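Written below as structure tokens is the structure these notes are about.
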Amino acid sequence: MSVWEKLYSEKVSTLRPSPIREMLHVIRQPGMISFAGGNPDPQSFPVDLFYESASILKEQGKDVLQYGTTEGYPPLKSFLCSWLKPRLGRAIAEDELLITTGSTQVVDLLCWAILDKGDLIITEEPTFVGTTLTMHNHGAQFLTIPCDANGMLVDQLPEKIEKALSQGKRIKFIYTIPNFHNPLGCTMSLERRKKLVEIANKYEIPILEDDPYAYIRFEGEDLPTLFSLDQSGLVVHACTFSKILAPGTRVAWAVGNKEIIRKMAIFKQGIDLCSSVVAQALVYEYCRKGHLDSYLPNIVDHYRKKRDNMEECLKKYLPLEEVSWVKPMGGFFYWLEMKNLKTADLYEKALQKKVAFVPGESFYPNQNGGKNCFRMCFTFASPSDMDEGIKRLGEAMKELLKS
Ligand SMILES: Cc1ncc(COP(=O)(O)O)c(C=O)c1O
């Protein structure tokens, strides 16, 4: 036993690596076409416009290179407080907003503030493995609710909540990705949003509304956020610049009742003091110059074309009697479900043909489903890789169906 092994914390015994992060070495093999990671297309990054923002380093370098306040770079906070108004239904006060290092940190901070080992979190099933890993690392257990094309089947909530409570379980929050779900691509209907907020209020269970894809809508009308539908301060809303500007900034935010935001900020003091002030200042300058609003339609148009391209390729190359999907109206992902094939077999075959995707099982927090499903990200691959990659995937499926 090594010295380190003798020292590991109890948490190490349940530590799970992220299946997506762990796949990176596979994805990076020469010739591999990857639909696996949820990466934005680097072609969508506004490199020149963002570079212009670097002027703030010259103009305000003495502030920007200093430690910042934990709650966030004040000019960025005040920009967001008004920019968010249309989606959040009202102007946000500065003490209701916390800038974070990625929206992953919002999940971490909320867990620090309200979750104890063994507590339950209600999630959609399947759901994003990145954030459920964070919850898992805090000792969360998962009560899962299935979804259809209109999002979480919220009607199942009361019975499941009652049952868990009658068993003495503590439910700490409901985690949902209402818009262009990762991995399902679906969006929660207005009726279900209202019902979800009603149920959360009845049982006094907070909601963590994780909304990174809200602004990547290709068609249809925006639906109100859960935050805007709630009157009692039970919704913590998380969003990020990762998909609307660039994930390398690691600038994101949480909005919620000032009491919980304050507790999260105090935990953040002990985690990273503050998010990078340099990154926040560059993002702020980009926003102040109006680039966020003027450039966002280019990103949306770019991804709409990519979504259409993937839809075409799927129809052209996959055996349609075997595989089904719902065309996403926004976001980054397709979720494919197969009738007879097992994802594990397809994954192996696809890797031999140098195509990668994320197997469905990774998105089941209790690791008990998704064995015939997988997630395909449509934003990253170039048009020619998209065509070639899905062609190879179709060949892999057809070969397996014959064998
Ligand atoms: C649903 C969801 N939540 C959170 C994140 C993490 O975002 P960030 O880069 O802000 O940490 C992602 C990124 O893919 C996501 O899909």
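The values are calculated or read from the model by the stated rules, or taken from the named source; none is laboratory data. Quick caveat, the model's predicted, so the values are computed rather than measured. Positions of Cβ are generated from backbone atoms using ideal geometry, with glycine treated the same way; all protein chains shown enter the neighbour counts.
Test LYS289 against the stated conditions and say whether it is farther than 30 Å from ALA54 by Cα and of a type outside the set (Asp, Glu). Against the criterion (farther than 30 Å from ALA54 by Cα and of a type outside the set (Asp, Glu)), LYS289 does not qualify.
Could you grab me the full set of residues in the stretch 75-122 that are at positive phi and within 15 Å of the ligand (Cβ to nearest atom)?
So in the stretch 75-122, the residues at positive phi come out as 89, 102, 118.
Once the filter is applied, which keeps residues that are at positive phi and within 15 Å of the ligand (Cβ to nearest atom), the stretch 75-122 yields only GLY102.
Can you tell me which residue in the stretch 346-366 is farthest from the chain's Cα centre (by Cα), limited to those that are part of a helix (DSSP H, G or I) and of a type in the set (S, T, N, Q)? Give the steps one after another, and end with the answer.
Let us first name the residues in the stretch 346-366 that are part of a helix (DSSP H, G or I), namely 346-352, 360-363.
Of the ones still in play, those that are also of a type in the set (S, T, N, Q) are 352, 362.
Working: GLN352: 29, SER362: 14 Å.
For the stretch 346-366, the residue satisfying everything is GLN352.
Being more than 16 Å from the ligand (Cβ to nearest atom), in contact (Cβ under 8 Å) with a residue 40 or more places away in the chain and within 30 Å of ILE266 (Cβ to Cβ) holds for only one residue in ILE33, ILE56, and it is ILE56. Look at the stretch 241-264: where a residue is assigned by TED's automatic domain parsing to the domain that holds ALA113 and more than 11 Å from the ligand (Cβ to nearest atom), no partner that is at pLDDT below 95 and in a strand (DSSP E or B) sits 6+ places away or on another chain with Cβ atoms under 8 Å. The C-beta contact set for the stretch 170-188 (first residue in the same structural domain as ALA149 (by TED's automatic domain parsing) and within 15 Å of ARG307 (Cα to Cα), second residue near the ligand (Cβ under 9 Å from one of its atoms) and at pLDDT below 95, distance under 8 angstrom, 6+ apart or interchain) comprises ASN182/GLY38.
Could you grab me the full set of residues in the stretch 230-257 that are in contact with a strand residue (DSSP E or B) (Cβ under 9 Å, 6 or more places away or on another chain) and surrounded by fewer than 19 Cβ atoms within 10 Å (Cβ to Cβ)? PRO247, ASN257, listed by residue number. Would a scan of the stretch 331-342 turn up a residue that is part of a loop (DSSP other than H, G, I, E, B), surrounded by fewer than 17 Cβ atoms within 10 Å (Cβ to Cβ), out of contact with any strand residue (DSSP E or B) (no Cβ under 7 Å at 6 or more places or on another chain) and polar (S, T, N, Q)? Yes: one or more hits.
What do you reckon, is VAL236 under 25 Å from GLU125 (Cα atoms) and either more than 13 Å from the ligand (Cβ to nearest atom) or touching a residue at least 12 places away in the same chain (Cβ under 8 Å) (or both)?
Working: under 25 Å from GLU125 (Cα atoms): yes; either more than 13 Å from the ligand (Cβ to nearest atom) or touching a residue at least 12 places away in the same chain (Cβ under 8 Å) (or both): yes.
Yes; evaluated as a whole, the condition is true for this residue.
Taking the conditions exactly as written (more than 13 Å from the ligand (Cβ to nearest atom) and either among the charged types (D, E, K, R) or in the same structural domain as THR123 (by TED's automatic domain parsing) (or both)), does GLU162 satisfy them or not? Talk me through it step by step, then tell me what you get.
Working: more than 13 Å from the ligand (Cβ to nearest atom): yes; either among the charged types (D, E, K, R) or in the same structural domain as THR123 (by TED's automatic domain parsing) (or both): yes.
Considered against the rule, which asks whether it is more than 13 Å from the ligand (Cβ to nearest atom) and either among the charged types (D, E, K, R) or in the same structural domain as THR123 (by TED's automatic domain parsing) (or both), GLU162 comes out as yes.
Among the residues of the stretch 216-260, just one is basic (Lys, Arg) and at positive phi, namely ARG250.
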